[in-house]
Amino acid sequence: MARTPAQDDTPSTSPVSDFEQSLDALEQLVEKMEHGEMSLEDSLAAYERGVGLYRRCQSALEEAELRVRLLSDPQNPASGEPFSAPPPQDAGSSNRGDV
(Lines give C-alpha, C1' and ligand atoms only; values in the text may rest on other atoms or scores of the structure.)
Protein backbone atom coordinates (compact mmCIF):
# COMPACT_ATOMS: atom_id res chain seq x y z
CA MET A 1 0.00 0.00 0.00
CA ALA A 2 1.37 3.44 -0.94
CA ARG A 3 2.11 5.95 1.80
CA THR A 4 0.50 9.35 1.65
CA PRO A 5 2.59 12.50 2.07
CA ALA A 6 0.86 13.20 5.39
CA GLN A 7 2.15 9.92 6.77
CA ASP A 8 5.72 10.73 5.73
CA ASP A 9 5.80 14.23 7.21
CA THR A 10 3.91 13.72 10.47
CA PRO A 11 5.79 12.66 13.61
CA SER A 12 4.08 10.20 15.93
CA THR A 13 3.21 13.03 18.34
CA SER A 14 3.41 16.75 17.76
CA PRO A 15 5.37 18.95 20.18
CA VAL A 16 2.13 20.74 21.06
CA SER A 17 0.26 17.57 22.01
CA ASP A 18 3.36 16.28 23.82
CA PHE A 19 3.53 19.58 25.75
CA GLU A 20 -0.15 19.42 26.65
CA GLN A 21 0.06 15.79 27.78
CA SER A 22 3.21 16.44 29.80
CA LEU A 23 1.77 19.55 31.42
CA ASP A 24 -1.44 17.73 32.31
CA ALA A 25 0.52 14.83 33.82
CA LEU A 26 2.73 17.29 35.74
CA GLU A 27 -0.31 19.12 37.15
CA GLN A 28 -1.87 15.84 38.27
CA LEU A 29 1.41 14.76 39.85
CA VAL A 30 1.75 18.04 41.75
CA GLU A 31 -1.83 17.77 42.99
CA LYS A 32 -1.18 14.23 44.21
CA MET A 33 2.03 15.30 45.97
CA GLU A 34 0.33 18.28 47.62
CA HIS A 35 -2.05 15.94 49.45
CA GLY A 36 0.97 14.73 51.45
CA GLU A 37 -0.16 11.11 51.68
CA MET A 38 2.71 9.62 49.69
CA SER A 39 5.58 7.71 51.26
CA LEU A 40 9.06 9.18 51.03
CA GLU A 41 10.00 6.65 48.33
CA ASP A 42 6.87 7.46 46.32
CA SER A 43 7.48 11.19 46.78
CA LEU A 44 11.03 10.90 45.46
CA ALA A 45 9.87 8.86 42.47
CA ALA A 46 7.11 11.40 41.79
CA TYR A 47 9.60 14.25 42.05
CA GLU A 48 11.91 12.56 39.54
CA ARG A 49 9.00 12.04 37.17
CA GLY A 50 7.98 15.67 37.64
CA VAL A 51 11.47 16.89 36.72
CA GLY A 52 11.34 14.80 33.56
CA LEU A 53 7.90 16.16 32.66
CA TYR A 54 9.07 19.72 33.30
CA ARG A 55 12.05 19.21 30.99
CA ARG A 56 9.78 17.82 28.25
CA CYS A 57 7.52 20.88 28.59
CA GLN A 58 10.50 23.24 28.45
CA SER A 59 11.88 21.47 25.39
CA ALA A 60 8.52 21.69 23.61
CA LEU A 61 8.30 25.42 24.40
CA GLU A 62 11.81 26.00 23.06
CA GLU A 63 10.91 24.14 19.88
CA ALA A 64 7.76 26.23 19.49
CA GLU A 65 9.81 29.42 19.93
CA LEU A 66 12.21 28.27 17.24
CA ARG A 67 9.33 27.54 14.88
CA VAL A 68 7.92 31.04 15.46
CA ARG A 69 11.35 32.55 14.76
CA LEU A 70 11.66 30.55 11.54
CA LEU A 71 8.21 31.70 10.44
CA SER A 72 8.96 35.32 11.34
CA ASP A 73 12.27 35.50 9.45
CA PRO A 74 13.15 32.29 7.58
CA GLN A 75 16.35 33.81 6.16
CA ASN A 76 17.75 34.82 9.54
CA PRO A 77 16.01 33.10 12.48
CA ALA A 78 18.83 34.09 14.85
CA SER A 79 17.87 37.77 14.43
CA GLY A 80 14.65 37.22 16.37
CA GLU A 81 14.45 38.49 19.90
CA PRO A 82 13.97 35.80 22.55
CA PHE A 83 10.60 35.73 24.26
CA SER A 84 10.72 37.03 27.80
CA ALA A 85 8.43 38.02 30.60
CA PRO A 86 7.38 41.67 30.75
CA PRO A 87 9.60 43.77 33.02
CA PRO A 88 8.43 43.90 36.63
CA GLN A 89 6.55 47.01 37.64
CA ASP A 90 7.62 49.08 40.63
CA ALA A 91 5.36 48.69 43.64
CA GLY A 92 4.90 52.47 43.76
CA SER A 93 3.90 52.90 40.13
CA SER A 94 0.52 52.18 38.63
CA ASN A 95 -0.75 51.77 35.08
CA ARG A 96 -4.28 52.82 35.97
CA GLY A 97 -3.59 56.54 35.61
CA ASP A 98 -4.92 57.33 39.11
CA VAL A 99 -3.34 60.37 40.72
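The values are calculated or read from the model by the stated rules, or taken from the named source; none is laboratory data. Small disclaimer: the values here were computed from a predicted structure and weren't measured. Don't worry about glycine lacking a Cβ; one is built from the backbone with ideal geometry, like all the others, and counts go over all protein chains shown.
Tabulated data
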| read-out | value |
| --- | --- |
| Residue check, L44 in a helix (DSSP H, G or I) and exposed (fewer than 13 other Cβ atoms within 10 Å of the Cβ) | yes |
| Selection status of E37, under 14 Å from the mean Cα position of the chain (by Cα) and either part of a loop (DSSP other than H, G, I, E, B) or in contact (Cβ under 8 Å) with a residue 40 or more places away in the chain (or both) | no |
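Residue by residue, here is whether (1) modelled with pLDDT under 70; (2) part of a loop (DSSP other than H, G, I, E, B); (3) under 21 Å from the mean Cα position of the chain (by Cα); (4) of a type in the set (D, E) holds:
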| position | (1), (2), (3), (4) |
| --- | --- |
| L26 | no, no, yes, no |
| G50 | no, no, yes, no |
| R55 | no, no, yes, no |
| E62 | no, no, yes, yes |
| L66 | no, no, yes, no |
| L71 | no, no, yes, no |
| P74 | no, yes, no, no |
| A85 | yes, yes, yes, no |
